[in-house]
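For reference, the structure is listed below as structure tokens.
The values are calculated or read from the model by the stated rules, or taken from the named source; none is laboratory data. Note that this is a predicted model, so its numbers are computed, not measured. For neighbour counting, all protein chains shown are included, and Cβ atoms are generated from backbone atoms with ideal geometry for every residue, glycine included. When the accessible area is computed, the model is the full protein with side chains, heavy atoms only, and any ligands, DNA or RNA have been set aside. Shrake-Rupley method; radii C 1.70, N 1.55, O 1.52, S 1.80 Å.
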Amino acid sequence: MNLLASAFLWTVHSLLLSPLGLGSLDILFFALLAVPLLKFVARAASNAGDGLLLRIGANADDLLVGSLVFGIALISSNGGYALPEALAASAASGLGYWMATVLLESIRERLELSELPHPFKGAPAMLISAGLMALALMGVDAAFVSGVAV
Amino acid sequence: MRERFVPNPIFAGLVGICPLVAASRSLAEGIVYGLGAALCALLLGAVVPATRAIIADRLQAPATIALSAAAALAYASCARAYSPPIAAGLWIYLPLLAVSGLSLSTLRRSSTPEGLGPDGSSRFAQVALEALMFLLTAAFVGGFREILGLGTLTLPTPGISPARLELVDFAPARMLVSPAGGFILLGFLVAAYRGMVRARGRSQP
């Protein structure tokens, strides 16, 4: 969904908004065009397939209006990305989101079996775990990824 | 007192925490972001119930998202005119007010028949209270992170150079102004809020 949205939004921004000088209205056009189109694609996928496609279609409503899709679209348009760069960014962000979700789910299962003080049970422990994981990923980014990019 | 208690949308409902953690790195940014989210939620809470009778059901979702986007764009323009550095610090999170957690929860509440109270004002009053609490919490989180993280306090003054108070001449815990530190701090604040609510519940007759 992220790849589809990113491709569609890059096309709208580059071929429609920028030539007309309407780049500052990008999120308005994204909301008007992207959300209905991608909902249609998601529903078509969930009706046509089963298993994985059904789950994608069922979760698409929440994903489409989430910060991930719009955020990557805004980053791509504000950063002047070319289409391959926008697609790579959306794919990487989707993979990162998936990785974070899987890791946090495994952490959540372990936390449920742990003896925690009552105020820390559930969301607070998850937030602290997410922060610690983000700290580790920031270290990886600073140590490895940024060096590769340079 | 108990009937008037409105759960904090951030600490109780975990509404809009991701952009909040990323955007609210200072008092000024917290206030500007929180004010934008509150104003968008108020607009949606006022307009969406009125449009339910006018707009067809299958057009409700895109129309309300577009309204939210328009409100976010207008606010972003005003914020850039008010203080370019603060608006630049909020980066893409100003346009993303269109899909902030507070806006989406207001949309969901206002778009369902059950979301309407006996009269429209009761639901709007609840939206207004949540918006106010979101603003206050965003300002608190931003100020708290800035004081503990950098030892400064940036005031939301207009112009190209916001006023900044230097409380200490060193950064006590610089990690707190990063998103990772924000999540950790928010986890402790949510735990403190839960402990406080639980203690109030015990003291209630």
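Points to keep in mind about this one:
- List B:TRP91, A:TRP98, A:TRP10, ordered by accessible area with a 1.4 Å probe, largest first: A:TRP98, B:TRP91, A:TRP10
- Region B:17-203 shape via C-alpha gyration tensor axes, a/c threshold 1.5: oblate
- Residues with amide H under 5 Å from that of B:THR154, placed H, sequence gap 5 or more: B:LEU27, B:ALA28, B:LEU165
- Buried surface between chains A and B: roughly 2500 Å² of accessible area, summed over both sides, computed with a 1.4 Å probe on protein heavy atoms only.
- Spin-label pair A:LEU20-A:ALA91: with each label point 7 Å from Cα along the Cα-Cβ axis, the two points sit 3.1 nm from one another.
- Accessible-area composition of region B:17-203, carbon plus sulfur, in percent [1.4 Å probe]: 69 percent
- Each residue was assigned an accessible area with a 1.4 Å probe, and for B:ARG198 the value is about 100 Å².
- Extended-chain gain in nm, criterion 0.36 nm per residue less alpha-carbon gap, B:LEU136 and B:ARG108: 7.8 nm
- With all protein chains modelled, accessible area of B:PHE188 [1.4 Å, Å²]: 110 Å²
- Contact with the other protein chains removes 40 Å² or more of accessible area, compared with the isolated chain and a 1.4 Å probe, from these residues of region B:156-185: B:ALA180, B:PHE183, B:ILE184.
- Difference of contour (0.36 nm per residue) and Cα-Cα distance, A:ASP141 to A:TRP98: 13.7 nm
- Rough spin-label spacing in nm, given labels placed 7 Å along Cα→Cβ, for B:VAL47 and A:ALA7: 3.3 nm
- Euclidean distance between Cα centres, region A:117-132 to region B:132-205, Å: 17 Å
- Solvent-accessible area lost in complex, 10 Å² minimum, residues of region A:110-127 relative to chain alone, 1.4 Å: A:HIS118, A:PRO119, A:PHE120, A:LYS121, A:ALA123, A:PRO124, A:LEU127
- The 1.4 Å probe gives accessible areas that order A:HIS118, A:HIS13, largest first, as A:HIS118, A:HIS13.
- Area of A:THR101 that stays accessible when all protein chains are in place (1.4 Å probe, Å², to 10): 70 Å²
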